[in-house]
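Scroll down for the structure; my scribbles are underneath it.
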Amino acid sequence: MREATSARVAHILREHGFDAYVIHGGLRAWTKGGYPLEPVPSDDVVLLPTFS
Amino acid sequence: MKDIVALLEQHGYAVLAVIVFLEAVGVPVPAALALIAAGAAGAWHHLRPEMILLTALSAMLLGDTILFVLGRNTGWALLGFLCRIALNPESCILRSAESFYRRGRITLLFAKFIPGINSLVPPLAGSMRMGYGQFFRLDLLGASFYAVAYAGVGYLFSGVIEVIAKQAQIVGRAVEWLLFIAFLGYVAYRASIYWKHRKYRVVPRIHVDDLARKMAAGEGAAITVADVRSHGYYDPGAKRIQSSIRLEPNNLLKTVKEWPHDKQIYLYCT
């Protein structure tokens, strides 16, 4: 299912009284629409292990 | 089995190479069965055993190398694609990477014997920056175990396979039933996923153009745009929607405890 994570999170938030929505198409649609992006802050990046 | 043996007798190494290559790149074809049949054909002198191994190893290594190079050059995107069949694709990536790193290079030696894992390991090794020389040596060893094991079974038990091939009608019926049961299992699996996710379909959605308009109209203060992708998903240099914040799905309620209820929250993943 597309948008599985965002739909699940939005559903939980709505159950807890928040006005939550899913952005249709996610980051891919936003990027395709040419809207502004920014780099993910380094604090939010947890790099997966590598052999190098 | 009878069909595979007949096909191998007619077209020999080319058929074996195609089947083994397709399995190596993730297509669900019965490469083990083809190797067993090829082994039997080797025992009956229709094919040469050393050529069977050479063909199978070349095809496997070619397929694995393609996935390795794709993994190396697409970061985690290819693995994300292969993990799409998982219930939680993002944790699939994270778990696969951590497991591969923890168990180390030994995984490459037996991965071929595990359906599903066999096509995940080469892109994992590529994404995790394993040196190609090391990957090639370990993959060659693993592919050799796999080819020798299955072709060896076919070679050693060619008599049994001949009997099975002669009783192909009975075997064919059994295979048909097995395929039918597997198909029913797949349908049940998809239905359970649909059932599990049906409640999420009613969650309202917003088109990106409408959201961009809201943000441009200065409604930003009343809006929170949150990125709910998993941490492990990110490649270095990854991008996100401008002014959005990170919201960790596994720590959700603790994070939003202090959030005001009068703001609209717009969520996105990949």
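Sorted ascending by nearby beta carbons within 10 Å, beginning with the fewest, B:Ile181, B:Ile265 become B:Ile181, B:Ile265.
Among B:Lys254, B:Lys112, the order by Cβ neighbours within 10 angstrom, fewest to most, reads B:Lys254, B:Lys112. Legend: distances between Cα atoms for B:Lys239/B:Lys263; B:Lys214/B:Lys257; A:Lys32/B:Lys257; B:Lys196/B:Lys254; A:Lys32/B:Lys214; B:Lys199/B:Lys239; pairs beyond 27 Å are A:Lys32/B:Lys257; B:Lys199/B:Lys239.
About the Cα centre of chain A, how large is the charge dipole given +1 on each Lys and Arg Cβ and -1 on each Asp and Glu Cβ? Please answer in debye to the nearest 20. Before the final figure, lay out the partial values.
Values: 5 positive and 6 negative charges, 62 e Å.
Computed about the Cα centre, the dipole is about 300 debye.
Determine the gain in length on full extension of the stretch B:Ala221-B:Glu98; use 0.36 nm per residue of separation and subtract their C-alpha separation, reporting nm with one decimal.
Values: separation 123, 0.36 × 123 = 44.28 nm, distance 3.90 nm.
Working it through step by step, the gained length comes to 40.4 nm.
Using the count of nearby Cβ atoms within 10 Å as a rough guide to exposure, how do B:Met128, B:Met60 rank from fewest to most?
Details: B:Met128 21, B:Met60 27.
Taking fewest neighbouring Cβ atoms as first place, the list is B:Met128, B:Met60.
Taken together, the values in this text are just the output of simple stated rules run on the coordinates, not laboratory data. Keep in mind the model is a prediction, meaning the values are calculated, not measured. Positions of Cβ are backbone-derived with ideal geometry, glycine not excepted, and every protein chain shown enters the neighbour counts.
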